[in-house]
Structures are given as C-alpha cells and as structure tokens.
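The values are calculated or read from the model by the stated rules, or taken from the named source; none is laboratory data. This one's a predicted model, so the numbers in the text were calculated from it and none came from an experiment. Glycine gets a Cβ as well: all are built from the backbone with ideal geometry, and neighbour counts include every protein chain shown. Ligands, DNA and RNA are stripped out before the accessible areas are found, and what is left, the full protein with its side chains, is counted by its heavy atoms. Shrake-Rupley method; radii C 1.70, N 1.55, O 1.52, S 1.80 Å.
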Amino acid sequence: MKSLLDVEHFGAIDADNDNLLLDCFEDHEAFIAVKERARFLVVGRKGSGKTAIFKTMLQTSGDGYFCYGHTFSDYPWHHHDLQARVGIPDVDKFTHSWKYLALLTASKIVLNFDQSLPFDQESMEWMVRVERFVVDTYGTRDPDVTQLFTPSKTLKLKPYFELDWKILKAGINPESVPMTELPVIVQELNANLLKYILRCLNPQHEYFICFDQLDLGFDPSSGEYKNRLIGLLLAARDINIAARNASQKLFVAVFLRDDIYDTLHFEDKNKLTENSLSLIEWDTPRTNKTLRGLMEKRFRVVLGDRPTWADVFDETKEMPGHQTKYQHILDRTYLRPRDIIKFSNSVLRQYQSRKGKDAAVGDRFENIDLNSARTEYSSYLMNELDDEIHKHLPHYEQHVELLRKVGVWQFTPDEFTKQYGQAGLAGSASEALEELYEFSLLGFYRPGGKGYGGSEYVFKYKEPKTKFESSSTRFRVHPGLIDVLGLKRFTVGEQDDDSAGS
C-alpha cells in the first residue's frame, strides 16, 4: 500500500473538480432509480452527490446508451421566460416551454448521435419530419440549446405538423411563424414533436435527458423562479409517462436541492414525491450506502491494494466519549460526501505535518490528527452553510452570533432567549431557534418513551420529516460547528469533557 505521505488528497469536495469521481463513484440507490427509469427526480442537500450522479450519467458509455445534460450557468432565462403561457395557472405556465426544450434535445440525439436511426421505413418517415423542422427553423441538425427561444428565429411548421392553423394570428404564415407566437401553438407543436420522436426512437436503445445546476440564480422570494422549476418537473413527468406508454426508453431526469424543492407548492407535489422522487442519503436507516464505503473506494484508488477504513484510520484507540474515529467524523458532517472528503483531507494534512517532524509517527491517522483537523474543517462547514442558507435567511448570521454568545454547545431555551433579548432583534427567540433547526445548525432534545426509544437530540438533516419542537427543554449545536463558533463542549454547570458528538 502506498504511504500516506505520498498522497496529495482524497478528492475534491465538488464533483466538477473531483478527478477521482468516476473511478470512485458509488452507485447510490438514487442513481440506480434513474438508470432503471423508475424515478426521475433526484433530491438532496447541497454536496450530497446529485452532480456526481449527473456527471456519471453523462459519461457512461455503451452501445445503445445516449445521454444529454443541461446546465444553466449560461442559459438565456429571459428568452425562456417569454414563452410563459398566459391565462393558465402560474404553476403550469412554463410546462410547455420546458417540454419544447426537452423534445428539441431529444431531436438532437435522434439526428446526431444514434447512428442506428432510422432503423426501419416507418421510423425514417417520422425522422425526416423532425429533421426538416429542426433544420428549417434553426439552420442545422444540431442547434445550440441556448438559442432555441431566441426571438430572431422563425418556426417553419407547415407542412411538417398537423396543427390548427386558425389559432395563429391573421397574416402569419405557417411556414414562417415568429418565435413570439410559440406560446400560442406550443401545446399542439409539442404533441406533434413528442409523437414523431417516440415513433422514430430505437426501442432497444436508452435515451436520457438530464437537468442539473437549477440552483444557480435561486431566489426563494421569486414566484417566477419557483414556477419555472414546477414547470420543469411537470414537463419531465409528462414526457416520461408518454415514453413509457409508447414502450420507449426515453427518460427525463431532474436533479434538485432539497431546500429548493421544499419551497415549491403545486397540486400534484405529494403524488410526485411519493412516486417519482429519490432522496440521496448516506448512513441512515433508509439507505445501505455509507460514507465509509465511499471513502474506502477513494483509499483504494490513491493508496493501491484494497485498504479498509481501519487501514487508514487507527481505530484501536477510541476518541473521547468512547467514539470510533468514523463516528466522530460522521457526527461532524451533514452526512454528505463532500464533508467527509474535506475532513479526511484535513486529517491527511495534519498527519503529514506531524510525520514530517517525527519519523517515529505510525502509518495511520490517530486521535491527534483528527483533533488538529477540526478547526479547519469547522470553518469549511460554516462557509458551506452560508452558501446554502443566506438566500433563505438573510439575517441568519445574527442568530449564529447569538450561539457564540451563549458559549456552550448544549443550552436551554432560557439561555438563548436571554441573549436574544439583549440583542434587540425583531421576532421571537423561538422563531430563531426553529430557523436554525430547519437548516440543522442545531437540534432539539427529545426524551425517550412514547415510542421514541432512548433520549436523543434530533437534527433535521437526519430526520427530514420531523418538525421542530419548540417546547423542548434543551438544544444542541451541530458538533461540526463547535470549533468555528468557539463553544465549550459542555452544558452550563458541567465541566468540559471534550466529548462532543458522543
């Protein structure tokens, strides 16, 4: 096995820069659900692995497998917004423009990537119609998706589509329809495109269209932003149902942050959640995937051979509180790959520094390395929370400052209320505690009994469906934030035993 001194890192915390991603990819249940076209909506906390699945989908290769991915860092939203249909419910007004984008993407795959097409005479007839429409409208078989709604484009609909031409304004030629008229005829146009595409696909092949990075430009106060996302979910659902009914393996998948999904409200949300959503989780009773397993794959790639967790972390000596090193680290994460990768990288640097000064140091990470890594890791975790929370709660830093003033990682509501009153903030201390709970900066104490089992502290990231209990008598700050907040690791009236997370 390679020496830990010779290891640069165990990977990057974001999928875009992680050169170990494909070699160490963990085939999570959410990934399997998309691959098997069972569930199209992949939801998880930032850093939980959504983009890792997205990138793996794109880079998977094989005969009869085609995948096109959309990211929207440079997408012309202002042109897309012009396609909103008026006179219908807000949550549905973007559905057809999303369908149009997805169907044009499917057309790109049909016309440029699947060399088996056309696979018979009938598929050729439908494929010719698709090709002529795309080429006549966009000037190429492979149009730029960022230009699909550009106002300068004109739609050549006749003679390729069977539309009710009476819905067009007087004087508009069906062979040259301005893009501004797309919302008027988009529903019928999509119905034709969907029929043509499904009839020219090879039934033996798989076709995936994936949407990621939808959190870019996220604005929780924007009703239009939420309506756009709802429209995408409804469009994906409708296309997937139509493909399944036609016995075709066309599938639209959407990757979305859980805090954003929670802000969406529409009539069929519960049905979609129950039937079409996969939640990315690690180390919970609802999954058999663990962050230990994920890291062991990375150890094998960077160290060689088949090292286990215990070959890298010396588990012969417990951490304070009688914890294993794995549990000690796990308690300081939000059960996300990026967290344990960051912590392990920080431990690696501390170990290498110690080993460089003393050759007698062993060949595994020890307690001292984990303790030394906590300060750097804790700062990282707070920065991660800032990226995630500040748009939801612009004032959350004021509440975090109150946790600093309380000074201990476990406290009573009276202690927090005292600091809240002295700060002169608007609202109530109870509302502030609930907001901090919603983003898992703290958990509330739940006593045992009444079917709960033993007493415990409940955190939202572990139990997403558990509501905040304002009547709780004690609260606990997330262990990963203790160092950055400078908190003492005890409850008021007790001594510091350094057993946070036990």
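Here are the numbers:
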{"read-out": "Total residues in the stretch 396-416, condition open to solvent by 50 Å² or more (accessible area, probe 1.4 Å) and either farther than 22 Å from Thr263 by Cα or in contact (Cβ under 8 Å) with a residue 40 or more places away in the chain (or both)", "value": "7"}
{"read-out": "Sole residue being in contact with a Lys or Arg (Cβ under 8 Å, 6 or more places away or on another chain) and outside any helix (DSSP H, G or I), chosen from Asp142, Asp136, Asp114", "value": "Asp142"}
{"read-out": "Filtered residues of the stretch 1-47 (kept if in a helix (DSSP H, G or I) and over 30 Å from Arg349 (Cβ atoms))", "value": "Glu29, Ala30, Phe31, Ile32, Ala33, Val34, Lys35"}
{"read-out": "Members of the stretch 354-368 found to be in a helix (DSSP H, G or I) and in contact with an Asp or Glu (Cβ under 9 Å, 6 or more places away or on another chain), listed by number", "value": "Arg354, Lys355, Asn367"}
{"read-out": "Subset of the stretch 262-301 [part of a loop (DSSP other than H, G, I, E, B), of a type in the set (D, E, K, R) and within 28 Å of Lys226 (Cα to Cα)]", "value": "Asp262, Glu267, Asp268, Glu281"}
{"read-out": "Residues (under 21 Å from Gln327 (Cβ atoms), of a type in the set (Val, Ile, Thr) and buried (at least 19 other Cβ atoms within 10 Å of the Cβ)) located in the stretch 281-316", "value": "Val312"}
{"read-out": "Among (1) out of contact with any Asp or Glu (no Cβ under 9 Å at 6 or more places or on another chain); (2) at pLDDT 95 or above - the single one Thr263 does not satisfy", "value": "(2)"}
{"read-out": "Flag if Arg474 is touching a residue at least 40 places away in the same chain (Cβ under 8 Å), surrounded by fewer than 21 Cβ atoms within 10 Å (Cβ to Cβ) and among the basic types (Lys, Arg)", "value": "yes"}
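Each row is one residue, and each column tells you yes or no for (1) free of Cβ contacts under 8 Å to residues at least 24 places away in the same chain; (2) surrounded by 13 or more Cβ atoms within 10 Å (Cβ to Cβ).
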{"site": "Lys357", "(1), (2)": "yes, no"}
{"site": "Ala360", "(1), (2)": "yes, no"}
{"site": "Asp363", "(1), (2)": "no, yes"}
{"site": "Glu366", "(1), (2)": "no, yes"}
{"site": "Asp369", "(1), (2)": "yes, yes"}
{"site": "Tyr380", "(1), (2)": "no, yes"}
{"site": "Leu385", "(1), (2)": "no, yes"}
{"site": "Lys391", "(1), (2)": "no, yes"}
{"site": "Pro394", "(1), (2)": "yes, no"}
